[in-house]
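Down below is the structure, laid out as structure tokens.
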Amino acid sequence: MTSEDIHRNLDRVLPGVQKPGRYIGGELNQVVKDWEKIAVKVALIFPDIYDLGMSNLGLAILYDLINQRPDALAERAYSPWPDMETAMRQADIPLYSLETRHPLAQFDILGFSLPYEAQYTNVLNALDLAGIPLFASERTENYPIVIAGGHATYNPEPMHAFIDAFVIGEGEEVIQEIIDLYLSWKSRGGDRGELLRSLARIWGVYVPSLYKDHYEADGTFAYIERLDDSAPLPVFKRIVAKLPPPTTNFIVPYVDTVHNRIPVEIMRGCTRGCRFCQAGMITRPVRERPVEEIVAALEEALAKTGFEEIGLLSLSSSDYTHILELAQAVSARFTGRHLAVSLPSLRIESFSVDLMDALKDTRRSGFTLAPEAATERMREIINKPVSTRQLLETACAIFSRGWSTIKLYFMIGHPSETLDDVQAIADLCRAVLAEGRKLIGGRAQVTAGVSTFVPKPHTPFQWVPCDTVETIHSKQELLKKSLRGKGLKLNWNNPAETMLETWLSRGDRRMAEVIYRAWRSGARFDSWSEHFRYDLWLDAFARVGLEPTFYTHRERPIDETFPWEHISTSVHKKFLTEDYLWSLQGKTRVDCRERCFACGILPTFADLRRNNPGDVWQCPEVKSKRLRIRDLAPAGEIIQV
Ligand code: SF4
């Protein structure tokens, strides 16, 4: 089907679907290039609906970077909502790009963004809708190369069968190298196998077909075998030494999206060391952007888009070294423009309230804090040590400065958690509400968002079992009974969704068959409660002959080999093991800006750090050549360990 056919057929189906604005493109700042004149065509795909995908900063960055090249183009595609999928299948419309409405099968490279695991069946569905074989092994030279990146791919194994190559880590530089490589491969007229082997030589690229998995007799993972000399072992994540200037060319959607704002990343990485937090472990080291660069980017992006909200993004905003200076600069520069400024992930301290004041946040509707656990014992186990007194003092500061609602985020299911620790969540929320009542009376409100802990790969808690569905239910019931009454609200998530997240994030290669069967029987949009079908997943496990609890409820011996260990975040397993054992003793670590714990980042990235001295990174400087354990191969060379 041609792009013209798709245009014609869409005209017929769009009037009959919800929010047709999701499917038409043509927004302000989209980039449309001459299809015939461009050598490398990349489709960037967010395997969920447009409303979510348009707020994905990673894809916006890649879209901008690729389209800056004269020899490449990037266009976008999203998962159609089920009503549109039905209409597309009935009208024989393949999944297409929004910019030029070319079928995805006509692109050279498909790049999937996978920030979370519950999108996996949508990847299969997108490939199927595009008419592209689902299994990488069945794709010939005529099909695009299918690449995936994003935080979920730090354990790529459950999706190994469907993806040709994974990008592990940060994409800004590696995408350029992939396009350069593709160009030279295309001009030489090589075969697909040659392209895959060359991709595997790029630092940060994992080509799963070049490896084979092996298991012990008891079903646990044994080791991964390299099948080709081009395949590095381990595959190190990719990072940029210095954050490049922020993207400012944001597309302005016609329909309401999750975040209608300009997102600017002020800092990448986190040094706090919360033991449940995968993002904090995999995004090390901390790199910051200068205040002037952030403010200039905001100015430019506002002029290009007309958005009325900006988001200053990072994993822990209060830890950005120049946060007060930034807040004051933003406030001074944009005063009178009635901009809403969001500064997520603030620490529990009154300084956070000062910061929001400095930003002149006029909405004062809700202030969010994430203690994650309600007792000091639990907060020490998870390495988020903050005293209850400090939390209550911060709550008082928030209520007295004009906010009426405090949102508190907790997790249940942390290691060694008892029902008393769960009850403490309700007690703490009531104590915060009581402080609010004293200060602002009946207007005070507390909303508790309670999610469930998932023992994520590459974290100090990767050895820990996940709570069973029954245990999660009983903890949630306790909270539902205790957190009732005026001024209190409780949000929780479905325990079955926690099981799915655990299976998919901790799975080995055998999970690919489960994903395939679940998709075949109708699993789609698994992160949407109205579409999630737990029964389909249990049935898929049974058909494949795998036991779901093997992945969720089994405590791992400390020396177990994990199926994701050949993917290296550069944070050593030795460090994670020690941190896990420390957690069992209730021992905490300070922020590693105060004291470096030699997690492994510096030996791996010694050259990058040495060449970028000063406060570009928040790790200690590297001067001596002796600190280097191994040389990192530049792009295009193989790392052999
Ligand atoms: S190398 Fe040291 S300072 Fe850098 S992230 Fe690791 S522990 Fe923190």
Going through the stretch 166-185 one residue at a time, which ones are crowded, with 22+ Cβ neighbours inside 10 Å and under 24 Å from Glu501 (Cβ atoms)? Phe166, Val167, Ile168, Gly169, Gly171
Tell me which residues, restricted to the stretch 227-245, are over 18 Å from Ser316 (Cα atoms) and buried (at least 18 other Cβ atoms within 10 Å of the Cβ). Ala231, Pro232, Val235, Phe236, Lys237, Arg238, Ile239
Can you pull out every residue in the stretch 31-48 that is out of contact with any Ser or Thr (no Cβ under 6 Å at 6 or more places or on another chain) and either within 20 Å of Ala126 (Cβ to Cβ) or crowded, with 19+ Cβ neighbours inside 10 Å (or both)? Val40, Lys41, Val42, Leu44, Ile45
Filter result for Tyr551 (of a type outside the set (D, E, K, R) and surrounded by fewer than 19 Cβ atoms within 10 Å (Cβ to Cβ)): no
Condition first: more than 9 Å from the ligand (Cβ to nearest atom) and part of a helix (DSSP H, G or I). Now tell me which residues in the stretch 565-580 satisfy that. Lys573, Lys574, Leu576, Thr577, Glu578, Asp579, Tyr580
If you go through the stretch 60-67 one residue at a time, do you hit one that is aliphatic (A, V, I, L, M), over 19 Å from the mean Cα position of the chain (by Cα), more than 20 Å from Phe162 (Cβ to Cβ) and part of a helix (DSSP H, G or I)? yes
I'd like to know if the stretch 516-529 contains one or more residues that are loosely packed, with under 15 Cβ neighbours inside 10 Å, within 16 Å of the ligand (Cβ to nearest atom) and not acidic (Asp, Glu). no
Test result for Ala222, among the hydrophobic types (A, V, I, L, M, F, W, C), more than 17 Å from the chain's Cα centre (by Cα), under 21 Å from Thr577 (Cα atoms) and not in a loop (DSSP other than H, G, I, E, B): yes
Identify the residue in the stretch 581-621 that is among the β-branched types (Val, Ile, Thr) and outside any loop (DSSP other than H, G, I, E, B) and, among all such residues, is farthest from the ligand (Cβ to nearest atom). Val616
Please work out which one of (1) of a type in the set (Gly, Ala, Ser); (2) buried (at least 18 other Cβ atoms within 10 Å of the Cβ); (3) more than 16 Å from the ligand (Cβ to nearest atom) is the condition Gly545 fails and give its number. (2)
Across the stretch 255-302, the tally of residues that are within 19 Å of Asp579 (Cα to Cα), more than 12 Å from the ligand (Cβ to nearest atom) and not basic (Lys, Arg) stands at 5
Selection from the stretch 48-101 of residues touching a Phe, Trp or Tyr at 6+ places or on another chain (Cβ under 7 Å) and aromatic (Phe, Trp, Tyr) yields Tyr50, Tyr78
For the structure I just gave you, tell me whether Arg337 is basic (Lys, Arg) and loosely packed, with under 15 Cβ neighbours inside 10 Å. yes
Kindly provide the set of residues from the stretch 463-498 that are under 26 Å from Lys573 (Cβ atoms) and assigned to a helix (DSSP H, G or I), ordered by number. Thr498
Could you please find all residues in the stretch 117-172 being among the acidic types (Asp, Glu), part of a loop (DSSP other than H, G, I, E, B) and farther than 17 Å from Arg509 by Cα? Glu141, Glu170
Working carefully through the options Phe562, Phe550, find the one that is modelled with pLDDT of 95 or more and part of a loop (DSSP other than H, G, I, E, B). Phe562
Conditions first: (1) touching a residue at least 40 places away in the same chain (Cβ under 8 Å); (2) part of a helix (DSSP H, G or I); (3) not β-branched (Val, Ile, Thr). Arg197 passes all but one, so which condition is the exception? (1)
Can you find a residue in the stretch 269-289 that is closer than 20 Å to Ala241 by Cβ, touching a helix residue (DSSP H, G or I) at 6+ places or on another chain (Cβ under 6 Å), part of a helix (DSSP H, G or I) and modelled with pLDDT of 95 or more? yes
Can you tell me which residues in the stretch 439-460 are in a loop (DSSP other than H, G, I, E, B) and either touching a Leu at 6+ places or on another chain (Cβ under 9 Å) or at pLDDT below 95 (or both)? Ala444, His458, Thr459, Pro460
Mind checking which pairs have a first residue in the stretch 559-570 that is under 19 Å from Ile601 (Cβ atoms) and a second that is of a type in the set (Lys, Arg), Cβ under 8 Å, 6 or more apart or different chains? Glu565/Lys573; Ile567/Lys237; Ser568/Lys237; Thr569/Lys237; Thr569/Arg284; Ser570/Lys237; Ser570/Arg284
Can you confirm whether the stretch 25-32 contains a residue that is assigned to a strand (DSSP E or B) and farther than 30 Å from Glu530 by Cβ? yes
In the stretch 536-590, which residues are aromatic (Phe, Trp, Tyr) and more than 24 Å from the chain's Cα centre (by Cα)? Phe541, Phe550, Trp582
Inside the stretch 82-100, can you point out the residues that are buried (at least 22 other Cβ atoms within 10 Å of the Cβ) and part of a loop (DSSP other than H, G, I, E, B)? Ile93, Leu95, Ser97, Glu99
Please give the number of the condition Val264 fails out of (1) more than 25 Å from Pro603 (Cα to Cα); (2) touching a residue at least 60 places away in the same chain (Cβ under 8 Å); (3) under 18 Å from the mean Cα position of the chain (by Cα); (4) crowded, with 21+ Cβ neighbours inside 10 Å. (2)
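The values are calculated or read from the model by the stated rules, or taken from the named source; none is laboratory data. The structure displayed is predicted, hence computed values, not measured ones. All Cβ positions, glycine included, derive from the backbone under ideal geometry; neighbour counts span all protein chains shown.
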